[in-house]
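The values are calculated or read from the model by the stated rules, or taken from the named source; none is laboratory data. Computed from a predicted structure; not experimentally measured. No Cβ is skipped: glycine too gets one built from the backbone with ideal geometry, and neighbour counts run over all protein chains shown.
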Amino acid sequence: MQDCKVSAGGIELGRRNCVSAIAFRGDVSGLPNQDFEILALPLLDPLYNFARWLCGDADEARDLVQETFAKALKGFASFRQGTNFRAWMFTILRNTFLTSRTGLEWRRTEQEDEENFEESAVTHDTPELALIRRADTEMMQQAIATLPLAFREVLLLVDIEEMRYQEVAGVLRIPVGTVMSRLSRARKQLREYIVVTLGVKHEM
């Protein structure tokens, strides 16, 4: 798994230390649409990071990114200039994942119940983030890997890709309130994992 570090805003995977992604950069460079290539290639590593965390397998992540690029290139004519290209690409990648073998298995087995959950306000400085900053890279990766996928993808997009809540809601096709509640729960679960791992007394 790629390097992971903690920033003031939350968690950030080591900026784009994606050897596997870089290795197949040649497979998606030289695309027939130069405008698409200019916009899409800078997103190669972030997309691979996200795909790697979604499916948990390097080869599958590579295939997922390549399929995402192929679909995006085919549909590039429908992309409206001036809108959010990054969010558009992440949406295509996630939709492609959901129709993959791993994505279908997740949809069958992981049914998240968010009813009657009181949405928590998400701030940029929480007890969870304070504790997260004490965790090392390996622990942080392990903690993220334990999250349910529905929580993990929100955490990755907000705290790692630094997307706004509205952007994440558009990518995942869920209400902004659901983005906020999942993010809050994801951060709390990370905190609980790190508390146990570090042996820190839970005083909250």
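Scan LEU172, LEU147, LEU155, LEU190 and give me the residue that is in contact with an Asp or Glu (Cβ under 8 Å, 6 or more places away or on another chain), modelled with pLDDT of 90 or more and buried (at least 18 other Cβ atoms within 10 Å of the Cβ).
Exactly one of LEU172, LEU147, LEU155, LEU190 is in contact with an Asp or Glu (Cβ under 8 Å, 6 or more places away or on another chain), modelled with pLDDT of 90 or more and buried (at least 18 other Cβ atoms within 10 Å of the Cβ), namely LEU172.
Of all residues in the range 136-148, which are in a helix (DSSP H, G or I) and not charged (D, E, K, R)?
THR137, MET139, MET140, GLN141, GLN142, ALA143, ILE144, ALA145, THR146
Residue check, ASP63 against (1) farther than 23 Å from PRO148 by Cβ; (2) of a type outside the set (Phe, Trp, Tyr); (3) modelled with pLDDT of 90 or more; (4) crowded, with 18+ Cβ neighbours inside 10 Å, all met but one. Which one?
Just one mismatch for ASP63, condition (4).
Out of curiosity, is PHE69 within 27 Å of ALA150 (Cβ to Cβ), at pLDDT 60 or above, of a type outside the set (Asp, Glu) and within 13 Å of the chain's Cα centre (by Cα)?
Here the answer is no, as PHE69 does not meet what is asked.
Those residues that are outside any helix (DSSP H, G or I) and within 12 Å of the chain's Cα centre (by Cα), I need them from the range 149-173; list them, please.
Those that are outside any helix (DSSP H, G or I) and within 12 Å of the chain's Cα centre (by Cα): GLU161, GLU162, MET163.
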